[in-house]
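Data block below; observations after.
Laboratory data are not the source of any read-out in this text; all were calculated from the coordinates shown. Worth saying up front: this structure is predicted, and the values here are computed from it rather than measured. Here the Cβ positions follow ideal geometry from the backbone for every residue, glycine too, while neighbour counts run over all protein chains shown.
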Amino acid sequence: MLILLPPSEGKADAGTGRRWAPDRLSLPELNPARERVLDALVALSAGPDEEAARAALGLSAGQRGELRRNARLREAATAPAERLYTGVLYEALDLASLPATAQRAARRSILISSGLWGAVRLSDRIPPYRCPIGARLPVVGALSTYWRGELTPTVDGAAGRGPVLDLRSGAYAATWTPRGELAERTVTVRVLHEREVDGMSTRSVVSHFNKATKGRLVRELLVAGARPRTAAELVGTLRELKHTVLEQATAAGRVRQVDLVVTDL
């Protein structure tokens, strides 16, 4: 099973080890594309037009330190992605507290989307950076469009012949779209919050807190040692883990979409 996760804007303040080395990253076929984005990001961040750089990266005037950090990315210390990303989803996943077998499974099965790196595995060492997928960089252009043209063969290959649990969000989901038979093996999850309002049961789409739910969901799958061979088995595993799962009807050749109904966020 391949699990696709978004990155987090929240990151560790600094790396703790050696400088970034492209030949030590997984998915080495992405290195030329990574280098082009890195060159563009460093040039933008180190350039004379701070206002334009902040606008391109969605930074406020008080976040100009992020530009200085980006400008030094090639010399910066690194940390494994599993310790670099510190947002809500990764706090809920809490990889460090997982049993050793579950940690190994996570490092094999999880791919993290990234505006800068395209995709990385949990063990890949990368420096702290600021490069949202919505950014538009000089020469490279819009990152969501750029990575859409680069990631397809890589992610298709990483998917192998098993199911794909796609928990990416927003523009990150647009950087890779499965087609045909692979789409039928792919499951996406929407989190719905069920609560009672004026005596009536209502369900609403969860925004911010869906990240925590998805982090806990991945954690449960890893702890359970889940190894589904098909999308149907994956959905069945979610139900075996006592989740309320509502499946939407999908046509042949389309991604399988499920709603995960929760009462607690």
**Prompt:** Residues in the range 200-230 near a label at residue 247, defined as backbone nitrogen under 15 Å from the 7 Å Cα→Cβ point?
**Reply:** 228-230
**Local net charge near residue 91, Cβ-Cβ under 14 Å (Lys/Arg +1, Asp/Glu -1)** = +3
**Asked** What's the center-to-center distance, using Cα atoms, between the range 220-259 and the range 67-120 in Å?
**Response** 25
**Prompt:** In whole percent, what relative contact order does the range 135-265 give with Cα contacts below 8 Å and a gap of six or more residues?
**Reply:** 29
**Asked** Given the convex hull over the Cα atoms of the chain, what projected area results after averaging over all orientations, in nm²?
**Response** 15.3
**Complete:** Taking a ≥ b ≥ c as the square roots of the eigenvalues of the Cα gyration tensor, with a/c under 1.5 meaning rounded and otherwise prolate when a/b exceeds b/c and oblate if not, the range 15-98 is oblate
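Estimate the FRET efficiency between residue 55 and residue 14 by the formula 1/(1 + (r/R0)^6), using the beta-carbon distance for r and 22 Å for R0, to the nearest 0.05.
Efficiency for this residue pair is about 0.30.
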**Request:** Only Lys, Arg, Asp and Glu count, each charged at its Cβ (+1, +1, -1, -1), so figure out the dipole size of the chain about its Cα centre, rounded to 20 debye.
**Result:** 580
**Asked** With labels modelled as points extended 7 Å from the Cα through the Cβ direction, what inter-label distance (nm, one decimal) is found for residue 108 paired with residue 205?
**Response** 3.5
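So what is the relative contact order for the chain, in percent, with contacts set as C-alpha pairs under 8 Å and at least six apart?
Numbers: 482 pairs, mean separation 63.2, N = 265.
Reported relative contact order: 24 percent.
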**Request:** Note down the relative contact order for the range 87-181 as a percent, whole number, built from C-alpha pairs under 8 angstrom at least six residues apart.
**Result:** 21
**Prompt:** Among bridges DSSP assigns within the chain, what percent are antiparallel (round to 5)?
**Reply:** 55
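Quote to one decimal, in nm, the extra length available between residue 29 and residue 148 on full extension: 0.36 nm per residue of separation minus the C-alpha distance between them.
The residue 29-residue 148 span can extend by a further 41.4 nm.
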